[in-house]
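Visitor: Pasting a structure here, questions to come.
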Amino acid sequence: MKKIKKMKRSSLTAKVLKGVALTGVVFIAASSPYFGLYLIKELKKYNRRKQWKKFYASLDYLNRRGYVKFLKETDKGTQVKLTRMGEEMIRVFNIDELKLKKQENWDGKWRLIIFDVPVHKNKNRKAFTDKIKELGFIMVQKSAWAYPFECYEELAILRKFYEIERHVTYLEAIEIEDEKKWRGKFNLESRHPAVN
């Protein structure tokens with residue numbers, strides 16, 4: 001997994017990057033430092049005269065770090081495009097913002113994740129484990145984690161992002177040992193009536 005330098009999602013620089021990602025190739029007119037801001041929905045609150053220098057400083061930083069690329073510079077303005085590294089940073093933002101669904105009524109099924117990640121991917125395994133723990137999974141035993149609600153799509157995203165797709169298995173089970181204890185950990189009082 002590539003090492004991507006962390007960037008605060010709430011920062012202006014992050015908003016500029018997200019805006020470029022949402023818009024595609026952005027043309028920023030030299031005659032109006034606000035042109036790009038109007039194009040980028042997330043940056044509307046920065047549309048003040050005193051902010052334009054910060055906007056361009058952020059754009060320059062993203063260019064120097066390799067997250068965006070200036071395609072063409074003319075007297076009229078500059079074309080800006082997201083790079084592969086920029087796309088990777090956007091994926092990091094998306095993973096950071098990923099949340100799992102919680103239904104009001106539990107369907108009685110347990111979602112289990114089991115994995116056996118090779119030694120050379122230890123960093124990937126650690127990052128993946130930290131993320132599913134953060135999302136609310138509970139460890140059943142080493143390399144086996146449980147969650148009571150549907151999460152297949154989210155897991156598919158995580159497996160791909162951490163580059164361990166082949167080493168992670170998703171299972172659904174109606175019963176697991178010590179279920180009462182696990183129900184307590186998730187504040188699930190009882191099974192859904194349809195499953196009994």
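The values are calculated or read from the model by the stated rules, or taken from the named source; none is laboratory data. These figures come from a predicted structure and were not determined experimentally. Cβ: placed from backbone, ideal geometry, glycine included. Neighbour counts: every protein chain shown.
Visitor: Filter the stretch 145-159 down to the residues that are touching a residue at least 24 places away in the same chain (Cβ under 8 Å), out of contact with any helix residue (DSSP H, G or I) (no Cβ under 7 Å at 6 or more places or on another chain) and more than 15 Å from Glu179 (Cα to Cα) and list them by number.
Guide: Glu150, Cys151, Tyr152, Glu154, Leu155, Ile157
Visitor: Considering the stretch 102-124 alone, what residues qualify as being surrounded by fewer than 10 Cβ atoms within 10 Å (Cβ to Cβ) and part of a loop (DSSP other than H, G, I, E, B)?
Guide: Here is the first cut: in the stretch 102-124, the ones surrounded by fewer than 10 Cβ atoms within 10 Å (Cβ to Cβ) are 104-105, 119-120.
Within the stretch 102-124, Glu104, Asn105 qualify.
Visitor: Tell me the residue from Leu59, Leu37, Leu98 that is among the hydrophobic types (A, V, I, L, M, F, W, C), modelled with pLDDT under 75 and touching a helix residue (DSSP H, G or I) at 6+ places or on another chain (Cβ under 9 Å), please.
Guide: Details: Leu59 fails: modelled with pLDDT under 75; Leu98 fails: modelled with pLDDT under 75.
The match here is Leu37.
Visitor: Among residues belonging to the stretch 62-89 that are touching a strand residue (DSSP E or B) at 6+ places or on another chain (Cβ under 9 Å), modelled with pLDDT of 85 or more and among the basic types (Lys, Arg), point out the one that is surrounded by the fewest Cβ atoms within 10 Å (Cβ to Cβ).
Guide: Residue satisfying both the conditions and the ranking: Lys81.
Visitor: Only residues that are touching an Asp or Glu at 6+ places or on another chain (Cβ under 9 Å) and either modelled with pLDDT under 90 or surrounded by 12 or more Cβ atoms within 10 Å (Cβ to Cβ) (or both): list them for the stretch 148-168, please.
Guide: Within the stretch 148-168, Pro148, Phe149, Glu150, Ala156, Arg159, His167, Val168 qualify.
Visitor: Follow-up. Go through (1) under 21 Å from Lys180 (Cα atoms); (2) in contact with a helix residue (DSSP H, G or I) (Cβ under 6 Å, 6 or more places away or on another chain) and name the single condition Lys142 misses.
Guide: (2)
Visitor: Identify all residues within the stretch 117-151 that are at positive phi and over 19 Å from the mean Cα position of the chain (by Cα); write none if there are none.
Guide: Initially, the stretch 117-151 is screened for residues at positive phi, giving 136, 143.
Of everything in the stretch 117-151, just one residue is at positive phi and over 19 Å from the mean Cα position of the chain (by Cα), namely Ser143.
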